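Have a look at the structure that comes next, please.
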Amino acid sequence: MERSGSAVGGAGSGTTMARSSVEDNVTRLVEPVAHGRGLELVEVEFRPAGRRSVLRITLDRDGGIGLDDLAEASREMSDVLDVHDAVPGAYSLECSSPGVNRPLRRPEDFARFVGMVVRVRTHAPIDGARTFLGQLVAAGADTIEIEDASRGRVVVPLADVDRANYEHDFAAGRRPRRA
């Protein structure tokens, strides 16, 4: 679901805000909206893009999320963001589901997907590699362990994770369990 918005005036006007600062502020504002609707806020991504930036909010719920849920959440979140002038300049708001290869961000995301196949890219190399693909065998508060087919067991500090996602096995048809 896509909506347009614009932040006019306020503290963010005329200045360049760091992407993570915008994402943190948006997360703080929209998480209560998501939870109030029984939704999980999976990810907030802000992409400055010249005259019109993109703010992408990824939402989910047990059993999946429908277009009507996304449209209603988008309208409410857009109103909250506009009232708080949370995004600098003109932007497009996109609310979507995480899709089948869901991103993993928080320790609880990783814990939910233990036993499943994940793809993890790190900021810096670990044992000479930055990308790992394999079964997630353990997930703690600070590290995860992946049984990578070509590298064996690899321990990855969560602080070093650049991007991570669940890799759905369409042949097996397995779905991750929900916490």
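Please give the net charge around Glu145, taking every other residue with its beta carbon less than 14 angstrom from that of Glu145, where Lys and Arg add +1 and Asp and Glu add -1.
That sum, taken over residues with Cβ under 14 Å, equals -3.
With r as the distance between the Cβ atoms of Ala138 and Glu45 and R0 = 25 Å, compute the FRET efficiency 1/(1 + (r/R0)^6) and round to 0.05.
0.35
Still on this structure, please answer the following. In the neighborhood of Thr131, defined by Cβ-to-Cβ distances under 13 Å, what is the net charge if each Lys or Arg adds +1 and each Asp or Glu adds -1?
0
Rounded, prolate or oblate, given the Cα gyration tensor of the range 107-166, with a/c below 1.5 counting as rounded?
Note, shape of the range 107-166 comes out oblate.
Could I ask something else about it? With a cap of 13 neighbouring Cβ atoms within 10 Å, and only residues DSSP puts in a loop, list the trypsin sites (Lys or Arg not before Pro) found in the range 39-116.
Passing both the DSSP loop test and the Cβ count: Arg51, Arg52.
How far apart, in nm, are two points set 7 Å out from the Cα along the Cα-to-Cβ line at Ala124 and at Asp162?
Distance between the two pseudo-spin positions: 1.4 nm.
Still on this structure, I have one more. Given N residues in the range 54-159, what is Rg(Cα) / (2.2 N^0.38 Å)?
Compared with the compact-globule rule of thumb, the range 54-159 sits at 1.35.
Since every read-out is calculated from the coordinates, none of them should be taken as a lab result. Everything numeric in this text was worked out from a predicted model, so none of it was measured. Methodologically, a virtual Cβ is constructed for each residue, glycine included, from the backbone with ideal geometry; neighbour enumeration extends over all protein chains shown.
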